[in-house]
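Some notes on the structure that comes next.
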Amino acid sequence: MKFNYKARTKEGELQVGNVDAASKEAALAILLSHGLFILSLEPVVENTWISRISEFFKRVKVQDLMIFTRQFSTLLASQVPLSDSLVNLYKQTTKPVLKEAVYEIASDIDAGFSLSQALGRHPGIFSEFYVNMVRSAEVTGRLSEVLDFLADYLEKQSTLVSQIKNALTYPAFIIALFVVVVIIMVTMVFPQITPILQQSNVALPVTTQILLGVSNFMMKWWWTIVIMLAAVVLILADYFQTSEGKVVLDTITLKTPIVGKMLQKLYVSRFAESARVLIKGGLTIPQAVEISSRVIGNSIYQEQLHSAAEQIRKGRLLSQALEAMPEFPPLVSQLISVGESTGRLEELLGKINDFYSREVENTVENLVSLIQPILMVVIGVIIAFLFASILLPIYNMSQAF
């Protein structure tokens, strides 16, 4: 996110410019670290669609970020100075967006920024979770180790998401292909035989009448259908980008049969792993829970974990806070309670992550095995409808002669 600012230097000079940061507080921290006295700080309001299209093309894949993090960790573990490590990473990086970011990070480091501050200026690439882990490592002096943790974390998340995408790719392709075939049948094939059916004076079956009506409507009003579909897609896409829309969409997905349960397990796994890594990195439990809420990817869980972090600050245990939340299965609060009582919270969070990661993998496998026969049945019924609509009147015509 970009912010415009007006500030004065220690010498009293007026300075105007912009700064990239994850939030207004982060932007303020960056400017104050440079010894500036802030006069105004306002977010830049950009054109919604242009900014989204720009962000889409400037995305960095998780796999590329994981490789960058792994290389960064290896260089620092080999006692290569931070500036030299960034120079080496700049030479090795092939992705233009990430390469440009590494160059700017190296420049910021030379200008006096800390690594976490430099990374925080690229929120589109480095998440708040990533930046906070690096910030904690700067305090504890375990930067190489934390970067190694981050690389492992990114690799696990990438693998899990890839498994889900791969499982849904084949069914999505089959459905898309079948929809195209149906559209061709209705708009091109069926209109060719419609005049023959109408001139035969044979009573048309109900299925043929339905298909005939759909065909005529699509042939006459296809442009209206295209415009309406495009308008609906754009309106929904814009709505689901708002805070209210995100809550509605996340609520719908969580209540969707089978898929909702799988996503619930995925979010619990993400929370457990990110909280474990943050606590291991030296952050307090409320801080770890708060930051984890922002990297889960679901507004419902974000709100619940934010509430949990506030309760922990007031003296409640993490297990007690999660116990009252239906989004978290009872097993989660029970295992966390064991970890709190035995002083092995990190270890138990790791076990929660392992358990629910395996549950997600099993659900994905079961989903694939369940989707394919359902698809076959649905496609078979639609094909039977199409053939009945075409062949039955032809058969009736042959009977009339």
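A few points about this structure:
- Cα-based reach from K91 at 17 Å (exclusive), listing lysines while leaving out same-chain residues under 8 positions away: K99
- Summing Lys and Arg as +1 and Asp and Glu as -1 over all other residues whose Cβ lies under 12 Å from the Cβ of S243 gives a net charge of -2.
- Among 216-229, 164-177, 26-39, the order from most to least packed when residues are scored by Cβ within 10 Å on average: 26-39, 164-177, 216-229
- Protection proxy ranking, peptides 105-111, 260-266, average beta carbon neighbours within 10 Å, highest first: 260-266, 105-111
- Ordered by the number of other Cβ atoms lying within 10 Å of each residue's own Cβ, fewest first, K255, K156, K24 fall into the sequence K255, K24, K156.
- For the chain, size of Cβ-based charge dipole, Lys and Arg +1, Asp and Glu -1, in debye: 520 debye
- Whole-number percent relative contact order across segment 155-401, with pairs defined as alpha carbons under 8 Å at least 6 apart: 27 percent
- Only DSSP H runs of four or more residues enter the estimate; each adds -39500 (n - 2.57), and after division by the residues of the chain the mean residue ellipticity at 222 nm equals -25500 deg cm²/dmol.
- The largest-to-smallest principal axis extents of the Cα set in segment 155-401 are 88, 34, 30 Å.
- Top positive-direction residue, dipole computed over the chain with Cβ charges, set Q372, Q334, Y130: Q372
- With the charge dipole of segment 60-154 set up from +1 on Lys and Arg Cβ and -1 on Asp and Glu Cβ about the Cα centre, the Cα lying farthest toward the positive end among the listed residues L89, S116, S144 is that of L89.
- Here's the list of lysines a cross-link from K280 could span, going by alpha-carbon distance under 16 Å and ignoring same-chain residues fewer than 8 apart: K351.
- Proximal aspartates and glutamates relative to K261, as straight alpha-carbon distance under 16 Å, when same-chain residues fewer than 8 apart are discounted: D250, E327, E359, E361, E365
- Note on segment 221-279: the alpha carbon radius of gyration divided by the globular reference 2.2 N^0.38 Å gives 1.65.
- FRET efficiency for the E100 to S33 pair, using the beta carbon distance and R₀ = 22 Å, is estimated at 0.45.
- Surface/4 of the Cα convex hull for segment 60-154, nm²: 5.2 nm²
- Ordering S299, S389 from the fewest to the most neighbouring beta carbons within 10 Å gives S299, S389.
- Euclidean distance of C-alpha centroids, segment 346-385 and segment 92-137, integer Å: 37 Å
All of the numbers you see were taken from the coordinates with simple rules; none came from a lab. Treat the numbers as computed from the prediction; the structure is a model and nothing was measured. Here the Cβ is made from the backbone with ideal geometry for all residues, glycine too, and neighbour counts use every protein chain on show.
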